[in-house]
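Working notes, beginning with the structure itself.
Values in this text are rule-based calculations from the coordinates and carry no lab data. A quick note: this is a predicted structure, and the numbers were derived from the prediction, not measured.
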Amino acid sequence: MARKNRNKILVPEARQGLDQLKAKVAGTTNPDQAKFEAAEEAGVPLKKGYNGNLTAEQAGKVGGRLGGSMVKELVKMAEENLRKKQ
């Protein structure tokens, strides 16, 4: 059984934008495929459905790659907005 995503977004209306950002940093157009793209790049055997056989290190490679890239992109966007306001 797949685990339900329990991440809470402070602004629920931002879900679509975050999904688009996730797809962008993963190099795909479909946000649902983003983790599979990141897993392939990291050499992690991620598949649809149950992935309980993955080690914590392997799971971290996938999540860290996506999350880290998303944070970098958000910081870059914020810096651009600050520059435009000055």
Practice item. Output ³J(HN,Hα) for segment 13-23: one whole-Hz value per residue in order, computed from phi by the Karplus curve 6.51 cos²θ - 1.76 cosθ + 1.60 with θ = phi - 60°, and x for Gly and Pro. Key: 5, 7, 3, 4, x, 5, 5, 5, 5, 4, 5
Review point. Per-residue HN-Hα couplings for segment 63-72, Karplus 6.51 cos²θ - 1.76 cosθ + 1.60 at θ = phi - 60°, whole Hz, x for Gly and Pro?
Key: x, x, 5, 6, x, x, 5, 5, 5, 4
Point to revise | Column: log10 I(q)/I(0), Debye, Cα scatterers of the chain, q = 0.12, 0.23 Å⁻¹ | key: -0.42, -1.25
